[in-house]
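Chemist: Quick one: the structure is below, and I'll ask about it shortly.
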Amino acid sequence: MNTSLSRLRLSVLDQSVAVAGRGQDEAIRQTLALAQHAEALGYDRFWVSEHHSHPSIVGTAPEVLMAAIAARTQRIRIGSAGVMLPHYAPLKVAEQFRVLDALAPGRIDLGVGRAPGSDGRTAQLLNADRHASDNFPQQVMELQAWVTGQPLPAGHPGHNVFAYPAAETSPDVWMLGSSDYGAQLAAHLGLPYAFAWFITDGQGAEHALRLYRETFRPSERLAKPQATVCVWALAADTDEEAWRLFESRARWRMDRNLGRIGPMLPPEVAVRDYSVSEQLALAQMKDNALVGTASVVAEKLRDLAERLQVEEVVVITWTHDPQAQRHSYELLAQAFALKSES
């Protein structure tokens, strides 16, 4: 497969990241503004994530945020990346996303994951059942049925129970993952699959995608495998400016490794003296980072897509300054000749 520049599709994942000096509520409003900007630039999808009790990532309710995005956009697909399904009843999630599909017909992606999106104590407060994730495959199958309007089999407690509103369209269910587990489940159920490259720095991605494709079973909604990867990338007008902006992300990663999680710092504040071991970790991080001018980042994205044999890449970008984030997406849209709105 030739994932040429003209064919590679780009999408956006935004996590409503808290930044020092601004209120967390502003992060939510920045996500709304970014969704409108991404649509105008020609991006394919705009996904939002779910985290709980997280001082850095304050997007806690993707279904609510998606409704606001639906009201402010017309074309771009809108999705969750994802709903952490073990916290919830599949029927209620199906109802929420059917309402979203009524608001934005044919534009809704329902990405689901098994991870808690939080620490263990918070996860238990969301769902007191410590073993809820053990039922994840069953939950996904029930969710599929309710989302698509297919009846559950006789003998199932949900038989003859339906998620409304019904419509001619329905959300597309996606499986999210960063390991073999999600890849195998997506393949077994015939679902599209998104690998969280930005979480693992790519470790396990090629194996998971190969496993997904080799074991994929066609479903009523999907005849052949459909996969994407979510990567962290940052473009700026110069390499120097890109790496300067990257200091905020680098500091956050270094602090997180020490158990210190908080809002992103501005680049000039983020720089600190790192220990020898941290310097080695930082050097490795930079070696693997998709950071630089638009041409540099675009070439790295094309090479990655070709290596992984995907025709779409979802880009996540953190910056302290929202204008720098917007500009990064603008530069990549130009580099990939996305069809922007006039």
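Since every read-out is calculated from the coordinates, none of them should be taken as a lab result. Since we're looking at a predicted model, the values are computed, not measured. Using ideal geometry, Cβ is built from the backbone for each residue, glycine included, and neighbour counts are taken over all protein chains shown.
Chemist: For the chain, find the longest principal axis of its Cα atoms and tell me its angle to the long axis of helix 205-215, 0 to 90°, nearest 10.
Modeler: So the helix axis and the longest Cα principal axis differ by about 20 degrees.
Chemist: Using alpha carbons only, how many degrees (0 to 90, rounded to 10) separate the axis of helix 136-148 from the longest principal axis of the chain?
Modeler: Roughly 70 degrees, rounded to the nearest 10.
Chemist: On to the next question. Please determine, in degrees from 0 to 90 and to the nearest 10, the orientation of helix 294-308 with respect to the longest principal axis defined by the Cα atoms of the chain, where the helix direction is its Cα long axis.
Modeler: In the chain, helix 294-308 runs at an angle near 40 degrees to the longest axis.
Chemist: Is the shape of segment 40-168 rounded, prolate or oblate, going by the alpha carbon gyration tensor and its root eigenvalues a ≥ b ≥ c, with a/c under 1.5 for rounded and a/b larger than b/c for prolate?
Modeler: oblate
Chemist: Can you give me the orientation-averaged projected area of the convex hull built on the Cα atoms of segment 215-337, in nm²?
Modeler: 10.1 nm²
Chemist: Send over the per residue convex hull volume for segment 216-275, Cα only, as a whole number of Å³.
Modeler: 187 Å³
Chemist: Please identify the GluC sites (Glu not before Pro) of segment 186-255 that satisfy two criteria: DSSP loop assignment and at most 13 other Cβ atoms within 10 Å. Which are they?
Modeler: Working: sites: Glu206, Glu214, Glu220, Glu240, Glu241, Glu247; in loops: Glu220.
Listed in order of number, the matching sites are Glu220.
Chemist: D for segment 281-326, whole µm²/s, Stokes-Einstein with Kirkwood Rh over alpha-carbon pairs at 37 °C and 0.692 mPa s: what number?
Modeler: After rounding, the answer is 271 µm²/s.
Chemist: Taking 8 Å as the Cα distance limit and 6 or more residues as the minimum spacing, I'd like the relative contact order of the chain as a percentage.
Modeler: Numbers: 651 pairs, mean separation 70.2, N = 342.
About 21 percent, as a whole number.
Chemist: Moving on. Among the trypsin sites (Lys or Arg not before Pro) in segment 96-185, which ones are in a DSSP loop with at most 11 other Cβ atoms within 10 Å of the Cβ? Mind listing them?
Modeler: Hits after loop and neighbour filter: Arg130.
Chemist: Per 0.36 nm of contour for each residue apart, how much would the distance between Arg72 and Leu126 grow if the chain were fully extended, relative to their Cα-Cα spacing?
Modeler: 16.5 nm
Chemist: Test of the criteria: in segment 301-342, which trypsin sites (Lys or Arg not before Pro) are in a DSSP loop and have at most 16 other Cβ atoms within 10 angstrom of their Cβ? Walk me through the intermediate numbers first.
Modeler: On the way: sites: Arg302, Arg307, Arg326, Lys339; in loops: Lys339.
In loop regions of segment 301-342 (DSSP not H, G, I, E or B), the sparsely surrounded trypsin sites (Lys or Arg not before Pro) are Lys339.
Chemist: Need one number: the % of Cα-Cα pairs in segment 1-110 sitting beyond the 23 Å mark.
Modeler: That tail contains 31 percent of the Cα-Cα pairs.
Chemist: Would you work out the relative contact order for segment 140-224, in percent, from Cα pairs under 8 angstrom that are 6 or more residues apart?
Modeler: On the way: 111 pairs, mean separation 19.7, N = 85.
That works out to 23 percent.
Chemist: Treating cross-link reach as a plain straight distance, find the lysines whose alpha-carbon is under 23 Å from the alpha-carbon of Lys339, omitting any fewer than eight places away in the same chain.
Modeler: Correct list for Lys339: Lys300.
Chemist: Using the alpha carbon gyration tensor of segment 122-185, what are the three equivalent-ellipsoid semi-axes (square root of 5 times each eigenvalue), largest first, in whole Å?
Modeler: The three semi-axes for segment 122-185 are 24, 17, 13 Å.
Chemist: Please report the spacing between the Cα centers of segment 176-218 and segment 87-144 in Å, no decimals.
Modeler: When both Cα centres are located, 19 Å separates them.
Chemist: In square nanometres, what is the average projected area of the Cα convex hull of segment 113-238? If you can, show how the numbers build up before the last one.
Modeler: Numbers: hull surface 45.4 nm².
For the Cα atoms of segment 113-238, the hull's average projected area reads 11.4 nm².
Chemist: Pop out the ³J(HN,Hα) list for segment 102-108 in order, Karplus 6.51 cos²θ - 1.76 cosθ + 1.60 with θ = phi - 60°, rounded to Hz; leave Gly and Pro as x.
Modeler: Whole-Hz 3J(HN,Hα) from phi for segment 102-108: 5, 6, 9, x, x, 10, 9.
Chemist: Further, regarding this structure: Which values of log₁₀ I(q)/I(0), to two decimal places, follow from the Debye formula for the chain at q = 0.13, 0.14 Å⁻¹ with a uniform point scatterer at every Cα?
Modeler: Log10 I(q)/I(0), no solvent term: -1.02, -1.19.
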